[in-house]
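Each remark here refers to the structure printed beneath this line.
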Amino acid sequence: MALISSTPLLQTARAGGYCIGAFNVHTLEMLQAVVEAAEETRSPLIIQSTVGTVKHLGADYIAAAAKVAADRASVPIALHLDHCSDFGVIMQCIRAGYTSVMIDASHDPFDANVAATRRVVEAASAVGVNVEAELGRVGGVEDDIVVDERDALLADPEECARFVELTGVHTLAPAIGTAHGIYKGDPNIDFDRIGRIAAKVSVPLVLHGGSGIPEAQVRKAVSLGMSKMNVATELRIVFSDAIKEVFAANPEENDPRKYMVPAKKALKAAAIEKMRLCGSIGKA
């Protein structure tokens, strides 16, 4: 089937009390691995790319690969642009065929965030593309966006309700204590805040910083209303470690197929585990 907007996928997930895994990919093999995982588990899927990956590969190359994958797949697949503050890049991705985009103006004051988000919503809604926005600041490093833990601000439930009403945004990523990257200890997630935000807004909520969150915490966050979970760093580590193992055993290896196949297999297994945690298996 063709690539679809993530809006109906996430609305169904919220209504059904489960979550959809959104996986950042940087190579064709990574993209193929998460698609194969979704096919095997009958899970709906969101493929994501960062702005850095768009600059590295090209929005048209990424969208073309995702379109081929979706055409061959029997499960619903959306293509999402993660954390972007550049309106021009967002429009470039929409024109290339992305079906979901994130405008991240969370570093700006509330009114400026509203204005930037509303501008993207107006443009994207005209062509049926989902728009995600962030309120508060998720700590850590995501591509070239760095938020010091001291500067990470948790989202206010009342402000979230106002933000959704003023912008018409389709999905919301509120800062609730998670961070990008791998946690040094258990994340300090504010579960009460998730519940209060979910009670105030009807749109699906997005859990950023999904790499390394303990299983019990993922399940609790999903039960409280998180409908999309972003996973990036953990996948890169799994993929890279598998390649390193090949070269450790055979330093002279020079056939990319010999190290990409094990890396793809390892990433697929990791994606399946995340789909199990999200509760999306069998939901396609």
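The values are calculated or read from the model by the stated rules, or taken from the named source; none is laboratory data. All of these numbers come straight from a predicted model, not from anything done at the bench. All Cβ positions, even for glycine, are placed from backbone atoms using ideal geometry, and neighbour counts span all protein chains on display. For the accessible areas, the whole protein counts, side chains as well, though only heavy atoms, and no ligand, DNA or RNA atoms are used. Shrake-Rupley method; radii C 1.70, N 1.55, O 1.52, S 1.80 Å.
Straight-distance candidates among the lysines for linking to Lys220, with alpha-carbon spacing under 21 Å and chain neighbours fewer than 8 residues away dropped: Lys184, Lys200, Lys228, Lys274, Lys283. Modelled label positions at His107 and Glu40, each set 7 Å beyond Cα in the direction of Cβ, lie 3.9 nm from each other.
A full extension of the chain between Arg219 and Arg72 corresponds to an added length of 49.8 nm, given 0.36 nm per residue minus the alpha carbon distance. Residue order by solvent-accessible surface for Ser106, Ser125 is Ser125, Ser106, largest first, with ligands and nucleic acids left out and a 1.4 Å probe. Could you look at region 1-140 and say what percent of its accessible area is carbon and sulfur, using a 1.4 Å probe and all protein chains? Of all accessible area on region 1-140, carbon and sulfur atoms account for 54 percent. Note on the chain: Kirkwood hydrodynamic radius from all Cα pairs is 18.7 Å, rounded to one decimal.
Full extension of the chain segment joining Leu166 with Ser202 gains 11.6 nm, where the gain is 0.36 nm per residue of separation less the Cα-Cα distance.
Modelled this way, with points 7 Å down the Cα-to-C-beta line, the labels at Ser125 and Arg276 are 4.1 nm from one another. Taking 4.7 Å between beta carbons as the limit, the unpaired Cys residues of the chain are Cys84, Cys93, Cys160. Compared with the direct C-alpha span, the chain from Ser240 to Tyr61 gains 62.2 nm at full extension, assuming 0.36 nm per residue. Restricting the calculation to Cα atoms, region 53-136 shows an Rg/Rh of 1.01 when the hydrodynamic-style radius is the Kirkwood one. As a ratio to 2.2 N^0.38 Å, the alpha-carbon radius of gyration for region 161-270 is 1.41.
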